[in-house]
Amino acid sequence: MSGETTSAAVPVVIVGSGLAGYAVAREFRKLDKETPLVVLSRDHGGFYSKPMLSNALAGQKTAASLLMKPADKMAAELNASVRVGVSVQRIATAERELTLSGGEVLAYRDLVLALGADPIRLPLEGDAANTVLSVNDLDDYARFAQALEGARSVAILGGGLIGCEFANDLLHRGIAPTVLDVADRPLSRLLPVEASAWLRAWLEAAGVNFRFGVTASRIDHADDGGVKLALSDGSTLHTDRVLSAIGLRPRVSIAEAAGLAVGRGITTDRLLATSAAHLYAVGDCAEVMGLNLPYVMPLMQQSRALAATLCGHPTPVGYPAMPVLVKTPACPTVVCPPPPDAVGRWTVISTEDACEARYIDACGVLAGFALLGAATSQKQALAATVPAWLAD
């Protein structure tokens, strides 16, 4: 592909071709047109927007139509070498070298890990356990869309953000979703109790079925081509397909093997620097100052800051208020969570068409909010008043 490096110049290497990896590459190229750049992709290396996967059914999108640019066009656009179907076997931090699948050794000037995260899977028993689907990339979506052919019902394991988004999206295909979660309400980690109840009522009115306080333990084939789920409360659920949306686990194994400091994600400071020199982490795999935030806005903040740092201008990442849009058109929802260590309380006001929740900290400051229905119109105004999570 275009932009192949020469032996005289050691490249900046980005491991990962998702939103985070390509965001760093684009921001870097805005500032540095010449330094050799290599992007390593373990899949096809094409560019697409991962957040669009959970509302693609409503837009009648296929995997092919979601692909915005193939790897060769990304290589040309970035003046980079985009290498596809390549995985990293080892990182030698002292030598600044990568060992790739096949045994090739690749030197780097600086290394950026944009490894992403893997879906968390329940340890299900049963002869149909291997039929459980998850959607974490474009190939997953292609399999999911194909599996929906002829399906009339889908059980979704997990009532968090992704589970609720897929439940809403399935309605556009005329497929009845049942959301199962061990928690007692939807979006339990993001919303206060009253807002969760409001969201549940609107999604149920649209056709989503919820079952809380239960988890699946077993899945077996049914005679009609569907499957039977054995649930923790002793009941069973018959459904055509099962989608797992339990959550994500940052990919840290290769970093851990290289001796990097790892918590939930790969530990970094505000420069996105890991515990090894010339080695950085961004996106879903990164834990920045104790924060692992698997959303688009944080990774965009990271990519701009890191690009400047890679170009010789050390720039700490800043996290302003970053509202998260929950893609549930049946109940428009925006959440700006309070910081994990915040001390305060939620106040909730709801009407027939709007629900507004504000998190007020111990000093009386608005530290977060949740807006549902017509209240989402206040997103910009409230976001402007919420203190930054990471600020200079």
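Each reported figure results from applying straightforward, stated rules to the coordinates on display, with no laboratory input. In this text, all values refer to a predicted model and were calculated from it rather than measured experimentally. Backbone-built Cβ (ideal geometry, glycine too); neighbour counts: all protein chains shown.
Could you state, as a whole-number percent, how many of the C-alpha pairs of the stretch 28-185 are farther apart than 21 Å? Can you show the working numbers first?
Numbers: 7246 of 12403 pairs.
Percent of Cα pairs beyond 21 Å in the stretch 28-185: 58.
Once Lys and Arg get +1 and Asp and Glu get -1 on their Cβ, which of 236, 129, 115 lies farthest toward the positive end of the dipole of the chain?
Highest projection toward the positive end goes to 115.
Starting from the amide H of residue 14, placed 1.01 Å from N in the peptide plane, find each other amide H under 5 Å away whose residue is 5 or more places distant or on another chain.
38, 39, 40, 112
Return the long-range amide H neighbours of residue 317 (sequence gap of 5 or more, or a different chain), with a cut-off of under 5 Å between placed amide H atoms.
Those lying under 5 Å, H to H, from residue 317 are 271, 272.
Quickly rank 248-254, 152-158 as a protection proxy: mean count of other C-beta atoms within 10 Å, highest first.
The most tightly packed comes first, giving 152-158, 248-254.
Within the stretch 352-392, list the residues whose amide N lies under 20 Å from a label point set 7 Å along Cα→Cβ of residue 269.
Residues 389-392 qualify, since their backbone N sits under 20 Å from the label point.
Can you tell me which of 117, 64, 75 moves the most in a GNM of the chain? Springs connect C-alpha atoms under 10 Å apart.
Highest fluctuation among the options: 64.
Expressed as an acute angle from 0 to 90° and rounded to the nearest 10, what is the orientation of the C-alpha long axis of helix 19-31 relative to the principal long axis of the chain?
On a 0 to 90 degree scale, this one is about 40.
Can you work out ³J(HN,Hα) from phi for every residue in the stretch 238-248, in order, using Karplus 6.51 cos²θ - 1.76 cosθ + 1.60 and θ = phi - 60°, giving whole Hz and x for Gly and Pro?
For the stretch 238-248, the Karplus-derived couplings read 9, 8, 7, 9, 10, 10, 8, 9, 6, x, 10 Hz, x marking Gly and Pro.
For the chain, what are the per-bin percents of Cα-Cα distances with bins 20 Å wide, up to the bin holding the maximum?
Over the chain, the share of Cα pairs per 20 Å bin runs 26, 54, 20, 0 percent.
Output the pairs from 61/228; 50/73; 30/50; 50/228; 327/379 with a Cα-Cα distance over 21 Å in this structure; if there are none, say none.
61/228; 30/50; 50/228
Can you tell me the orientation of helix 138-147 relative to the chain, as the angle in degrees between its alpha-carbon axis and the longest Cα principal axis, to the nearest 10?
For 138-147 against the chain, the angle is about 30 degrees.
Regarding the stretch 332-383, what is the average projected area of its C-alpha convex hull, in nm²?
Average of the hull's projected areas for the stretch 332-383 equals 3.4 nm².
Report for the chain the percent antiparallel among DSSP-assigned beta bridges with both residues inside it, nearest 5.
In the chain, approximately 60 percent of DSSP beta bridges are antiparallel ones.
For the chain, what does the helix formula give at 222 nm: sum of -39500 (n - 2.57) over DSSP H segments with n ≥ 4, over the residue count, nearest 500 deg cm²/dmol?
Calculated from helices alone, the mean residue ellipticity at 222 nm is -6000 deg cm²/dmol.
Would you mind checking which residues have amide H under 5 Å from residue 369's amide H? H placed 1.01 Å from N; only 5 or more apart, or other chain.
When sequence neighbours closer than 5 places are left aside, the close amide H contacts are 336, 359.
If you take every DSSP beta bridge whose two residues both sit in the stretch 121-244, what share of them, in percent to the nearest 5, is antiparallel? If you can, show how the numbers build up before the last one.
Numbers: 9 of 24 bridges.
The antiparallel fraction comes to roughly 40 percent.
Can you give me the three principal axis dimensions of the stretch 121-244 from its C-alpha atoms, in Å, biggest first?
Over the stretch 121-244, Cα extents along the principal axes are 40, 31, 25 Å.
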